[in-house]
Amino acid sequence: MSTETVDNATKMFEFFARINAKQLVQSLVIPIVGVGIFLMLWGLLAPKVVTSLGAVPGPSQVYAQFQTLVEEHKEERVKETAFYERQEKRNAKKLAENPDAKTKIRPYTGNPTFFDQIGTSVFTVMAGFILASVIAIPIGIVAGLSKTVYAAINPLVQIFKPVSPLAWLPIVTMIVSATYVTNDPMFDKSFVNSAITVLLCCLWPTIISTAVGVTAVSKDLQNVSHVLRLNWWTHVTKIVLPSAIPMIFTGLRLSLGIAWMVLIAAEMLSQNPGLGKFVWDEFQNGSSNSLGRIMVAVVVIGLIGFLLDRTMLFLQSKVSWDKSVALR
Amino acid sequence: MSIPHLEITGVNMDFPTPKGPYRALENVNLKINKGEFVSIIGHSGCGKSTVLNIVAGLYQATAGGVILNGQEVTVPGPERAMVFQNHSLLPWLSSYENVELAVKQIFKGKKSKAEIKEWIEHNLSLVHMEHAMHKRPDEISGGMKQRVGIARALAMEPEVLLLDEPFGALDALTRAHLQDSVMEIQADLGNTMMMVTHDVDEAVLLSDRIVMMTNGPAATVGEILDVNIERPRDRIEVSEQETYNHCRHEVLRFLYARHGAKEEDMPKEEKEEKATVVKLASSNIEGEAEPLKAGTHG
Ligand SMILES: Nc1ncnc2c1ncn2[C@@H]1O[C@H](COP(=O)(O)OP(=O)(O)OP(=O)(O)O)[C@@H](O)[C@H]1O
Ligand SMILES: [Mg+2]
């Protein structure tokens, strides 16, 4: 290698190093600085606000509460395993004495921990959201394809869309408790209530976006479909759906975002298990730690909402033919 | 001449507009023989695409109709395949899959899997696209997209191939290549072809007959010119021929001088308006016309 090429190589290297440094600052350093400033202001200002439950906790107290919550969760799990082990031992002993003895394992009924509540909320929101999407996407497609169907459902959608799903909550609760009566329910009533509330708020944005996406299929592609005499199914799967995918996902993301917010509120309001109930219980508790624990919940709710949205974007990039969708 | 194969008879076309119906076409008549190459030329917005769309079955004529092999055309169908001005490929499918969609639709149950594959590849190679058949439309050039569009139409084995300004948006060199391909293909397959164009040279080089349309509203067939040049035609050789230049001249004369408008019928101020429109429009006649969209009242 001549010195010249080496020189060029070094220059190139420096060039790329500079670009990367700039990108690094943009994508990592600046966000960290932003968060840092926020934490500092929080730490400085929080102690100045004194409530009936003591001063508002700063970041370090909140973090300490988070650790406590983790500890509590671990303890609860230890208790649970111990509970089942005891039962198993007892059953084994019974069987040894009498092989025909009937044994049963009773489920553990400890208090749900913070992390159990997270699980419940995430599961509820996904159940309601997926069910809503399964209903709304086909309706949106049919409404987008047929002017008649669109005209028929449009007024309903427009009127129901602005209704806060919380207003539905009493109705949903009444109807569920009247109709969902089985001796051995697969799901808790509270879960069904929350999931249906989520479903109700997910329907409308998805229906509207899907219908808009389907109506916007380009005239040219429709002509291609006509000339080829594609049947309804092929037309929908090969032409309509791929072109409507971006709009469908816009609707889905909007729905999921609203659903997550609504679910927390619904859980607070109706005392259904989940993060909302956790927040409400802590508020009612009114111990000196409550504010800190609620703040942990607030941060976690935010993080989960963010992760849900990212998951949708990831799904979109997997499903959509247009790989250039910006991750925004 | 063989039996009349495609007949357009007394076609009127009214488009609904907020100001009442707009008569785009009035009493358009045309007979086309099997295997004939007919070009339609005329000023922007006179209704060339409308004629093609009526033959395709995408528009319904207000009066009159189209008969293909003794059967009235009412709906679109693959026997009248269309090559669209802006290629109209499905952006989420590769070139191969775009052609496959058409082939599967038409030959399902008639050809085996292997035959279908072979047929798709054959048609892509007709337009010299075999090297890029697994690329998606956004990964290939405008000329290549147009070629895939032609391959898709050819793969349907249409009786009539309709081309709406197929090369309008392409550079001169690519356009020349594709014109040669189309001539080759027509010589091989003997399809009936109807092509809308703005380009006088293209019309003369490719056509057996050139249909010149008058200006709208109520546009109709103005003159029909026979192009008696032997095939196969070589663009360089042909350009030196007397007949070629004569045909070219005839078309230009129609478009510039007569431009199909019945001037004496017009009120004065409209006459002036028309004159400027013609000037604008005629700048599009030669060479690199901007792609013209339907909906411009010319
Ligand atoms: N769907 C429609 N609704 C209303 N008017 C239309 C419609 N389609 C076409 N027109 C009108 O009919 C006339 C003919 O349109 P057409 O697209 O056939 O013209 P064209 O000769 O193909 O023009 P160009 O060379 O610009 O493509 C135009 O004046 C246009 O405005
Ligand atoms: Mg046109």
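The values are calculated or read from the model by the stated rules, or taken from the named source; none is laboratory data. Because the structure is a prediction, the values reported are computed rather than measured. Positions of Cβ are generated from backbone atoms using ideal geometry, with glycine treated the same way; all protein chains shown enter the neighbour counts. The protein model used for the area step is the full one, side chains on, heavy atoms only, and it has no ligands, DNA or RNA in it. Shrake-Rupley method; radii C 1.70, N 1.55, O 1.52, S 1.80 Å.
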Some residue of segment B:13-23 being without any contact (Cβ under 8 Å) to a residue 60 or more places away in the chain, touching a Leu at 6+ places or on another chain (Cβ under 9 Å), under 20 Å from B:Ala203 (Cα atoms) and away from ligand 2 (no atom under 16 Å from the Cβ): no
Test: residue in segment A:95-114 that is open to solvent by 60 Å² or more (accessible area, probe 1.4 Å), closer than 30 Å to A:Gly305 by Cβ, of a type outside the set (Val, Ile, Thr) and in a helix (DSSP H, G or I): no
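Residue-by-condition table, conditions (1) closer than 15 Å to B:Leu154 by Cα; (2) hydrophobic (A, V, I, L, M, F, W, C):
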| site | (1), (2) |
| --- | --- |
| B:Pro91 | no, no |
| B:Tyr96 | yes, no |
| B:Glu100 | yes, no |
| B:Lys104 | yes, no |
| B:Phe107 | yes, yes |
| B:Lys110 | no, no |
| B:Ile120 | yes, yes |
| B:His128 | yes, no |
| B:His131 | no, no |
Condition check for A:Gln87: open to solvent by 90 Å² or more (accessible area, probe 1.4 Å) and farther than 24 Å from A:Arg293 by Cβ: no
All positions within segment B:93-108 that are more than 15 Å from B:Asn123 (Cα to Cα) and either open to solvent by less than 30 Å² (accessible area, probe 1.4 Å) or in contact with a Gly (Cβ under 6 Å, 6 or more places away or on another chain) (or both): B:Leu93
Scan of segment B:62-81 for residues that are within 10 Å of chain A (Cβ to nearest Cβ) and open to solvent by less than 10 Å² (accessible area, probe 1.4 Å), ordered by number: B:Gly77, B:Arg80, B:Ala81
Options A:Pro57, A:Pro47; residue that is touching a Leu at 6+ places or on another chain (Cβ under 6 Å) and not basic (Lys, Arg): A:Pro57
Residues of segment B:123-142 classified as part of a helix (DSSP H, G or I) and either buried (at least 18 other Cβ atoms within 10 Å of the Cβ) or touching a residue at least 12 places away in the same chain (Cβ under 8 Å) (or both), total: 7
Given (1) surrounded by 23 or more Cβ atoms within 10 Å (Cβ to Cβ); (2) more than 14 Å from chain B (Cβ to nearest Cβ); (3) closer than 30 Å to B:Ser94 by Cβ, index of the condition A:Val227 fails: (2)
In segment B:85-110, residue nearest to the other protein chains (Cβ to nearest Cβ) [restricted to those that are modelled with pLDDT of 90 or more and more than 25 Å from A:Ile245 (Cβ to Cβ)]: B:Ile106
Identity of the residue in segment B:59-87, free of Cβ contacts under 8 Å to residues at least 24 places away in the same chain and out of contact with any Gly (no Cβ under 8 Å at 6 or more places or on another chain), that ends up nearest to ligand 2 (Cβ to nearest atom): B:Gln60
Of the criteria (1) assigned to a helix (DSSP H, G or I); (2) free of Cβ contacts under 8 Å to residues at least 12 places away in the same chain, which one A:Leu230 fails: (1)
Entirely in segment B:143-218, the strands (runs of 3 or more DSSP E) that have 1 or more residues that are open to solvent by less than 10 Å² (accessible area, probe 1.4 Å) and more than 16 Å from ligand 1 (Cβ to nearest atom): B:160-164, B:192-197
Test: residue in segment B:42-49 that is more than 16 Å from ligand 2 (Cβ to nearest atom), farther than 16 Å from B:Thr192 by Cα, out of contact with any Leu (no Cβ under 9 Å at 6 or more places or on another chain) and among the basic types (Lys, Arg): no
Filter result for the condition that a residue is in contact (Cβ under 8 Å) with a residue 40 or more places away in the chain, within 13 Å of chain B (Cβ to nearest Cβ) and more than 19 Å from B:Asn53 (Cα to Cα), over A:Ile245, A:Ile239, A:Ile208: A:Ile245
Output for segment A:119-171, where each listed residue is of a type in the set (Phe, Trp, Tyr) and touching a Gly at 6+ places or on another chain (Cβ under 6 Å): none
Residue in segment B:48-61 that is nearest to ligand 1 (Cβ to nearest atom), counting only those that are assigned to a loop (DSSP other than H, G, I, E, B) and open to solvent by 10 Å² or more (accessible area, probe 1.4 Å): B:Tyr59
Condition met for B:Leu225 (within 14 Å of the chain's Cα centre (by Cα) and closer than 30 Å to B:Asp14 by Cβ): no
Count - residues of segment A:163-205 that are in a helix (DSSP H, G or I), touching a residue at least 60 places away in the same chain (Cβ under 8 Å) and among the small types (Gly, Ala, Ser): 3
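Let's see how each residue does on (1) aromatic (Phe, Trp, Tyr); (2) over 30 Å from A:Gly110 (Cα atoms); (3) assigned by TED's automatic domain parsing to the domain that holds A:Gly292; (4) under 32 Å from the mean Cα position of the chain (by Cα):
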site: A:Phe16; (1), (2), (3), (4): yes, yes, no, no
site: A:Leu24; (1), (2), (3), (4): no, yes, no, yes
site: A:Pro31; (1), (2), (3), (4): no, yes, no, yes
site: A:Gln65; (1), (2), (3), (4): no, no, no, yes
site: A:Arg77; (1), (2), (3), (4): no, no, no, yes
site: A:Thr81; (1), (2), (3), (4): no, no, no, yes
Hits in segment B:213-243 - residues which are in contact with a strand residue (DSSP E or B) (Cβ under 7 Å, 6 or more places away or on another chain) and within 15 Å of ligand 2 (Cβ to nearest atom): B:Met213, B:Gly216, B:Ala219
Search result, residues across segment B:219-243 that are farther than 21 Å from B:Phe167 by Cα and part of a helix (DSSP H, G or I): B:Glu237, B:Glu242, B:Thr243
Qualifying positions in segment B:13-44 - buried (at least 17 other Cβ atoms within 10 Å of the Cβ), within 16 Å of ligand 1 (Cβ to nearest atom) and part of a strand (DSSP E or B): B:Met13, B:Asp14, B:Ala24, B:Leu25, B:Glu26, B:Val28, B:Leu30, B:Val38, B:Ser39, B:Ile40, B:Ile41
Boolean, B:Gln85 is in a loop (DSSP other than H, G, I, E, B), of a type in the set (S, T, N, Q) and touching a strand residue (DSSP E or B) at 6+ places or on another chain (Cβ under 6 Å): yes
